[in-house]
Amino acid sequence: MTRHDAGLAPAVFPALAALIVHPDEGPILFDTGYDPAFFAATEPFPERLYRWTTPVSLAPGQAVADQLPAFGFTPEDIRAVVVSHFHGDHIAGLTRFPNARIVCARAGLAEVQRKGRVSRVRRGVLAALAPADIDARAVFFEDRPRVPLGPDMAPFETGADLLGDGALLAVQLPGHCPGHWGLLVRQNDDRTRFLIADAAWSSGAVRDNAPPPRLTTALLGETGPYRGTLHALHRLWARNPDLIVTPSHCGEVGIETCRAD
Ligand SMILES: [Zn+2]
């Protein structure tokens, strides 16, 4: 289901999140990955179908909120969670960060709030994972100033400047599902990392411009825009050997840290 040129075999599919420590703003997450809340949300029907189609294993201590102390933070310290999109595997931990602004696309949040449990589950959305006060805490990419990304980032043209200093730029990556965005992070080693969420399911898919089968992309989003986004990422990657492109479910990505010290 993940690569149109691959065979039929089970594939391990990590669900990654990123911890970004901004010098002024403090700790910020990009997505949350899985959390025990996922298992509660997929206990009843029809939500249980989600768990059956994508079986999840989460060892104790692996949820992001439980990993934070190893990095010197508590869940309450998190200032913001940047949400790439509202699929369950990206927002399962949202309720664990009570002090965080939730920075997302308006169209993404609308997916959680659309009517119809069955239709939500079919689209990969579990409404129970959204905090009850999400409307009051939401900040939308669409309302942030748009800045030009410069010729190095072509064919991507503009980003939403989340903090006003150019350190975190949200970039629309259409096709995977409504309201799907990635995040450009300016690291303190002066390299740029492009967290592309589910615009590709592996680094190899970006390198080879290899999309999932139409069946998969049509089920969740729109095949034409998805393939356009993947092709744009492929061209960007080919021209920028220094750019680090990180998909959320890539098995090649381990725990990486990048620090000034
Ligand atoms: Zn997704």
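Please report the antiparallel percentage of DSSP beta bridges with both residues in the chain, rounded to the nearest 5.
Values: 19 of 32 bridges.
Just about 60 percent of them are antiparallel.
Overall dimensions of the chain, expressed as equivalent-ellipsoid semi-axes from the Cα gyration tensor (√(5λ), whole Å, largest first), are 25, 23, 18. Could you work out the relative contact order of the chain, using alpha carbon pairs under 8 angstrom and six or more residues apart, expressed as a whole percent? The normalised contact order for the chain reaches 18 percent. Net charge of the neighbourhood of Arg96, taken over other residues with C-beta under 11 Å away and scored Lys/Arg +1, Asp/Glu -1, is -3. Footprinting exposure proxy ranking of Cys250, Cys177, fewest other C-beta atoms within 10 angstrom first, gives Cys250, Cys177.
Laboratory data are not the source of any read-out in this text; all were calculated from the coordinates shown. Note that the coordinates shown come from a computational prediction; the quantities given were computed from them, not determined experimentally. Glycine gets a Cβ as well: all are built from the backbone with ideal geometry, and neighbour counts include every protein chain shown.
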